[in-house]
Each structure stands twice: as structure tokens, then as C-alpha cells.
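Where a number appears in this text, it was derived from the coordinates with a stated rule and is not lab data. Note that the coordinates shown come from a computational prediction; the quantities given were computed from them, not determined experimentally. Neighbour counts are summed over all protein chains in view; Cβ atoms, including those assigned to glycine, are modelled from backbone coordinates with ideal geometry.
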Amino acid sequence: MHIEDFLREITAIRGLSGDEALVSAFVKEAFAPLCDEITVDKMNNVIARKKGPGPKVMFSAHLDEIGLMVVDIEKDGCLRLGNVGGVDPRILPGQRVTVYGREPLLGIIGAKPPHLLTDEDRKKNYLREDLYVDLGFPYEKVKELVQIGDQVQLEHRYVELKNDQAAVKTCDDRACVAIMYQALKLLQNIRHEADLYFVASSQEEVGCRGVMTAAFGVDPDFGVALDVCHAATPGAPGWRTHKLDSLVASMGPYIHPVLRRKLTEVAKDNNIALQTAVVPRNTSTDADELGRARAGVPTVLLELPLKYMHTTVETFNRNTLKEGGRLLAQFAAAVSAEWEDELWT
Amino acid sequence: MLRDTLQTLLNAYGPSGSEHAVAEKVRELLEGHVDSMKTDALGNLIVEKFGADENAKTIMVSAHMDHIGLVVTNIEENGFLRVGAVGGISPELVRGRKMVFQDGLPGIAVLEPNVKNKARQDLSDLFVDIGAETREEAEKLVSVGDVCVYAPDFTYLGKNRVASPAMDDRCACALLAELLMYADNQKNHIVGVFSTQEEVGLRGAGVAAYAIEPDIGLAIDVTAWGDTPETKLPAVKLGKGPAVKIMDRSMIATPAVREKLFEAAQAAGVIVQREVLAFGGTDGGAIQLSRAGVPTGTLSIPCRYVHSANEVIDMRDMEGALKILLQFVDLA
């Protein structure tokens with residue numbers, strides 16, 4: 001499968017945090033022919049191992065997606081909503097959603113027409129408490145089909161843009177799962193010493209939970225977390241954003257300095273462009289938990305710049321995606337047992 | 001009787017970190033009913049009751065013994081005590097309440113009445129009056145680090161309801177104790193954990209789960225309510241059955257365990273509610289993430305005015321919950 005076809009397919013699959021079984025099954029099937037062992041653990045983490053005699057390296061990109069959950073059903077049949085991960089309520093009006101009730105149901109999130117708003121209302125942003133899903137059914141029918149706790153998934157539409165860009169929901173972080181897929185494909189023809197574990201992790205969006213149990217299970221010597229970061233958009237602060245056209249290697253107290261240097265050297269040797277970001281505290285990615293698993297894991301963070309994070313039009317550069325696969329594969333091939341003696345040199 | 005067990009456990013002193021008096025009461029109740037009891041390094045009381053099945057799974061069922069309180073941080077010249085929070089205790093809920101220290105010493109929590117901005121009062125405006133007139137007198141009675149809790153105050157409320165401090169989570173301790181008493185020849189191993197330090201970060205249950213390595217985790221805890229005049233969420237009502245947690249801030253219940261709870265409820269003929277809580281957490285969150293992961297769920301008792309001195313539950317929800325638990329240890 002081409003990396004972009006992988007991304008197109010995986011972003012469509014239901015996998016809200018805490019209920020990733022379907023998307024885990026997809027990843028398991030796609031990764032299986034490319035690795036030696038594959039398991040899905042109790043938290044729905046997919047753990048693909050490509051064996052080697054050397055140190056254990058764990059790569060982690062999360063496969064869960066943000067979405068909504070039914071928290072109450074009103075007497076008029078409206079579904080009130082809670083968050084699964086950080087969905088911004090401002091993007092919701094006008095959305096088409098799928099409610100996973102007793103059967104999948106199409107619904108819409110509307111908005112009060114501007115004609116009916118007061119001047120005061122117009123100045124306000126949408127709040128989640130004021131929004132609801134309209135299925136078109138009356139209360140009795142809704143009660144038959146929908147229960148509190150049912151998941152609500154945002155709309156999937158893959159939009160190919162000009163200049164090598166594309167937009168789709170859940171690039172955060174399935175674009176990075178696609179990068180792992182690409183790396184695994186490339187590694188079929190590259191010799192590697194390290195014992196490689198590619199983990200598509202669960203429940204990142206609700207607190208990096210999947211990676212905790214996966215890292216305990218794998219017990220790695222080195223960690224590489226992959227996640228998305230912000231690309232430049234009009235009005236966004238420059239110091240927090242990056243160019244769309246290359247990957248970012250973050251630095252900061254949660255990132256192992258020598259392992260990061262090794263990563264930048266691999267990039268340089270292979271002519272892969274790499275930007276730098278400074279993260280002064282926790283990274284809010286799998287890297288944080290991977291780094292403190294068991295007795296501690298030297299960990300680096302590799303990030304894919306994305307426009308419009310946590311919307312249904314998360315936008316990335318296709319070439320950056322492919323280069324990500326190449327960098328990951330080359331890094332995996334470069335890891336050697338000597339690295340363990342060089343960690344604080 | 002569930003009601004007697006509950007009352008026995010409610011009256012024990014047990015702020016986070018000093019739960020041994022509660023553990024002692026539980027030990028007395030369970031003597032002769034279980035296969036083993038031990039206390040671990042964090043004070044968790046871990047109780048085993050073996051299952052009958054050859055392929056029995058180990059189910060860790062957790063209910064926390066600790067409750068919230070106020071810790072003395074400074075004794076002032078005039079004998080008043082300045083305090084900090086142990087767990088989520090708010091000045092607004094504690095103001096005017098009668099408190100009690102471990103040795104039974106009473107005190108009154110007072111929110112400074114003479115301040116300009118009453119809307120923004122916090123714990124620094126709170127003091128405890130133990131009746132001492134001088135620092136010397138107060139120092140003979142308490143030391144910095146001593147913790148006071150809401151004084152026991154059990155009240156019947158209407159036909160089916162009871163109000164008391166520490167209902168969070170002694171009502172669950174009562175359920176777990178009765179589960180261990182009445183489970184008879186059940187299929188699976190029950191490891192009951194009367195856990196410590198839940199209110200300060202799910203700390204006891206985390207280490208207990210690490211040691212036990214259970215196949216399945218289940219927390220029993222209270223949840224919030226949505227059935228008073230201006231409160232709608234969570235969509236959980238008192239007296240309408242225990243609630244099966246879908247998610248809160250600490251955990252998304254493992255779908256398979258959640259479904260087993262619904263099955264157990266159906267088998268027990270108990271109607272249950274579905275709970276989505278936008279805040280809070282339970283021991284379940286710590287159990288689920290233990291080691292390489294433990295499939296985990298939470299059974300909730302709807303409780304009004306959580307963390308106040310009058311936490312109100314409905315005994316019908318309690319009775320329903322016990323029936324579900326007895327089924328669950330057979331079904332899972």
C-alpha cells in the first residue's frame with residue numbers, strides 16, 4: 001500500500017480514545033507482513049516487532065482520535081455532548097457526524113441562524129454545552145437507538161490541495177502511524193542491528209495512557225515518539241510554529257540530548273531536512289511517558305508539522321510524510337549497542 | 001445488613017495517609033469470612049477470597065478507605081489553627097462545620113467573616129477553632145501535621161436515603177466488605193483492596209495493582225449527580241440504580257469490562273444508569289494503567305453533595321450494587 005493510501009484509509013476508521021479496537025485491527029493487518037511478531041495488548045496498543053540482536057528501540061505514534069460522546073438525551077431528541085480528547089467547540093457547527101448507537105447514525109450539529117441571534121449572542125463563541133447533535137428523529141426513536149456514552153465521530157473527507165498538501169481529520173497522529181508504516185516497508189531492504197518495536201499507541205489524547213502500558217510491556221533501551229506540531233498559519237505566533245515542508249526534532253528537558261544529536265546526524269547523513277523546536281517543559285506527547293517508563297528510557301521526539309490541529313482539515317505536506325518514513329528507517333538502522341555507552345558523552 | 005456495615009465504617013477516622021482505623025474495622029467485619037488479609041506498605045488492606053473455578057481469573061475490586069480533611073500547617077499566637085487541604089476539600093463546603101482530630105478532639109472550621117472580597121475566599125481565609133486561648137494551650141492539644149476530618153454525623157433522610165460525611169468512599173467499602181462476606185463458591189478469585197490515598201491521586205490502588213497483577217480491575221466509588229434544581233450533568237439520578245462508568249478524567253472504562261457489568265446487572269435484575277463524568281477519577285484509572293495494562297471498569301454509587309459533610313446516597317442503589325457485584329465475580 002502506498003503511504004498516502006494507508007493514511008487515507010486509516011483516517012476513516014473509527015477509533016476514539018478508549019475504544020480503538022477497529023483501528024488497531026487495521027494497523028495489525030497492515031503491519032503484520034512487514035514484521036516478525038505482532039500483538040495487540042490490553043489497552044489496544046499495536047506492538048509490531050522487527051527482530052534484531054541489538055538494543056530494543058520503541059517507536060510510538062498514537063492511533064486514537066479525538067471525538068465527542070453523548071452525555072444526555074433531551075426530551076426533544078437532541079443529543080448533548082461531552083469531549084473525548086480536546087475537540088474545540090468552535091469547529092462543530094455545520095459538521096456532519098456519525099453517532100455510534102445501536103447502529104451508525106448520521107447526524108448534524110447545527111447552529112442558531114444569525115437572524116435569530118441578539119447582538120450580545122453574536123459576540124460570543126460557541127460553547128459545547130449549547131451545541132447538540134440532531135438526528136432528525138423524535139425522542140422515542142432516539143431513545144431506542146442511542147444511549148449515554150455512545151461515541152460521536154467527526155466527518156472524514158480527504159482533500160488533496162495544491163503544492164503537495166493534503167487535509168484530512170486525525171492526521172494527529174495517524175499521519176505518524178503512516179510514517180512508521182513507511183519505515184517498516186523501507187526496512188525490508190535495510191540491514192538493522194537493533195530490535196525494533198513499532199507501537200501504534202492508544203489513548204494519547206486523554207493523557208498518553210496507552211504508551212505507559214506499552215512501554216512497560218516492551219521495556220525498551222531507547223524511545224522515539226512521533227507526534228504532530230503546529231505549522232505556520234496567519235496570525236499564529238511564529239515561535240510556536242514551523243514550516244510545513246520538513247520534520248521537527250524537538251529539544252528540551254524531556255528529550256535525551258545525545259539521542260537527539262544522533263537523530264540529527266542520521267538526518268544530515270541522509271540529506272533529510274530537520275527543523276528544531278524548543279519545548280521547555282513536558283511535551284504532552286507519548287515522549288513524556290515513554291521517557292519515564294520502568295527505570296527510564298532515553299527518548300527523542302520527532303514531529304510532523306500540521307496546520308489546523310484538532311480540526312477535520314488537519315493539513316500536512318506529502319513529501320514531509322515520506323521523508324519521515326525515510327528518516328525513521330535510517331535511524332532504526334543506525335542504532336547500535338555502543339550507543340548505550342555514549343548516552344552522557 | 002448493608003446499612004449496619006455502612007454505619008460501622010462511616011464512623012472511623014481515616015484521612016488520606018492515616019487509614020488504619022478504617023482498615024481495623026474492616027478486619028473485624030471480615031474475620032472468618034475470607035481466605036487471607038494483609039496490609040501492604042502504603043496501608044492498603046488486601047483481602048483474598050479464592051474462586052472455585054479451575055481457570056479462575058483474579059479480579060481486583062477496589063474501594064478507598066481514605067476521606068478528605070484539613071491538615072494543620074501553623075498554630076497561631078491566639079490558639080487558632082491554620083490548615084491546608086488533604087484532597088479536594090473546599091472552603092465553601094467546610095465553613096462552619098464541626099471537625100474532629102484522630103484522638104477525638106473537636107474543632108470548628110471557620111471561614112474568616114471579616115474580609116472585603118467574600119467571593120474570592122480560599123483556604124488561606126480558613127482557620128480551625130479548637131477553643132484554645134493561647135498558642136501554648138493549643139500546642140498541648142494538636143501538632144502541625146495533625147489532620148482533622150468532618151465529625152461523624154449519620155442521618156436518615158427520607159425513606160431510602162442516608163447522609164453522612166465520608167460516604168465517599170465508605171459506602172463502597174461497605175459494598176466490598178459485604179461482597180467478600182457473601183460471595184460463596186464464586187467462580188473467580190476476588191482480591192478486595194481497601195485502598196489508601198485515593199483522594200490525593202489514586203496512590204494506594206496503583207501500588208496494590210502492581211503487586212496483585214490482576215486479570216480484571218474493578219473500582220467501586222461514588223459519582224456525582226444530575227438531579228437537583230440547577231444540576232443536569234452527569235445524567236445520573238439518586239435511587240435510579242447504580243451507574244456503570246463509561247469515562248471520567250482518570251479512565252475510559254475498558255469496553256469488555258463495562259459490558260460484563262451490564263450483563264451482571266441484567267442477570268441480577270438490577271436497572272443501572274450510564275455515567276459519563278467530565279471531571280474526577282477513581283482507583284480504576286490507576287489499576288487500568290498498572291504494568292502492561294489491566295482491563296478495568298468502575299461501578300458507581302450516585303451521591304449528592306460529594307465532598308461535603310452531608311454526602312447523600314440512596315440505599316436502593318447500594319442494594320442493587322451488591323447484587324451486581326455478586327454476579328460480576330461469577331460472570332467475568
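At a glance:
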{"item": "The stretch A:70-127-the stretch A:289-341 distance, computed between alpha-carbon centres (Å)", "result": "35 Å"}
{"item": "Inter-label distance for A:ILE190 and B:LEU233, nm, one decimal - labels placed 7 Å from Cα along Cα-to-Cβ", "result": "4.6 nm"}
{"item": "Cα extents of the stretch B:69-150 along the three principal axes, largest first (Å)", "result": "35, 25, 18"}
{"item": "Principal axis dimensions, largest first and in whole angstrom, of the protein assembly as shown by Cα", "result": "76, 68, 61"}
{"item": "Cα-projected label distance for B:GLU263 with A:TYR158, points at 7 Å along beta-carbon direction, nm", "result": "3.7 nm"}
{"item": "Mean ellipticity per residue at 222 nm, deg cm²/dmol - from DSSP H runs of n ≥ 4 across chain A, formula -39500 (n - 2.57)", "result": "-8000 deg cm²/dmol"}
{"item": "222 nm mean residue ellipticity, helices alone, for chain B (DSSP H n ≥ 4; -39,500 (n - 2.57); rounded to 500)", "result": "-8500 deg cm²/dmol"}
{"item": "Lysine pair count for the stretch A:67-154 [Cα-Cα under 19 Å; pairs on different chains or 8 or more apart]", "result": "5"}
{"item": "Partners for B:LYS260 among lysines (Cα-Cα distance below 17 Å; same-chain residues under 8 apart left out)", "result": "A:LYS42, B:LYS57, B:LYS187, B:LYS245, B:LYS323"}
{"item": "Net charge of neighbours whose Cβ lies under 15 Å from the Cβ of B:MET37, counting Lys and Arg as +1 and Asp and Glu as -1", "result": "-3"}
{"item": "Charge sum, other residues only, whose C-beta stays under 9 Å from A:LEU34's C-beta, Lys/Arg counted +1 and Asp/Glu -1", "result": "+2"}
{"item": "Segments B:161-174, B:97-110 sorted - mean Cβ within 10 Å per residue, highest first", "result": "B:161-174, B:97-110"}
{"item": "Estimated FRET transfer efficiency (B:THR73, B:ASP53; beta-carbon r; R0 45 Å; 0.05)", "result": "0.30"}
{"item": "Solvent-free Debye scattering, log10 I(q)/I(0), computed from the Cα coordinates of the stretch A:67-154 at q = 0.18, 0.20, 0.26 Å⁻¹", "result": "-0.74, -0.89, -1.35"}
{"item": "GluC sites (Glu not before Pro) within the stretch B:95-158: DSSP coil, no more than 16 neighbouring Cβ in 10 Å", "result": "B:GLU133"}
{"item": "Calculated FRET value between A:ASP119 and A:LYS75, using beta carbons and R₀ = 22 Å, to 0.05", "result": "0.15"}
{"item": "Label point distance in nm, A:LEU274-B:MET1, each placed 7 Å from Cα along Cα→Cβ", "result": "7.2 nm"}
{"item": "Zero-based 10 Å bins, Cα pair distances in chain A, whole percents", "result": "6, 25, 32, 21, 11, 4, 1"}
{"item": "Three-way shape call for the stretch A:121-260 based on the alpha-carbon gyration tensor, with the a/c threshold at 1.5", "result": "prolate"}
{"item": "DSSP-assigned coil residues among trypsin sites (Lys or Arg not before Pro) in the stretch A:45-99, each with at most 16 further Cβ atoms within 10 Å", "result": "A:LYS51, A:LYS75"}
{"item": "Gyration tensor (alpha-carbon) shape descriptor, the stretch A:188-245, a/c threshold 1.5", "result": "oblate"}
{"item": "The stretch B:185-292: GluC sites (Glu not before Pro) in DSSP loop, at most 14 other beta carbons within 10 Å", "result": "B:GLU230"}
{"item": "Label point at A:ARG96 placed 7 Å out along Cα→Cβ; residues across the stretch A:130-161 whose backbone nitrogen lies under 13 Å", "result": "A:154-158"}
{"item": "Whether the stretch A:133-200 is rounded, prolate or oblate, judged on the alpha carbon gyration tensor where a/c under 1.5 counts as rounded", "result": "oblate"}
{"item": "Shielding score for B:291-298, defined as the mean number of other chain Cβ atoms within 10 Å", "result": "5"}
{"item": "Sorted by Cβ density within 10 Å, fewest first, the residues B:LYS49, B:LYS232", "result": "B:LYS232, B:LYS49"}
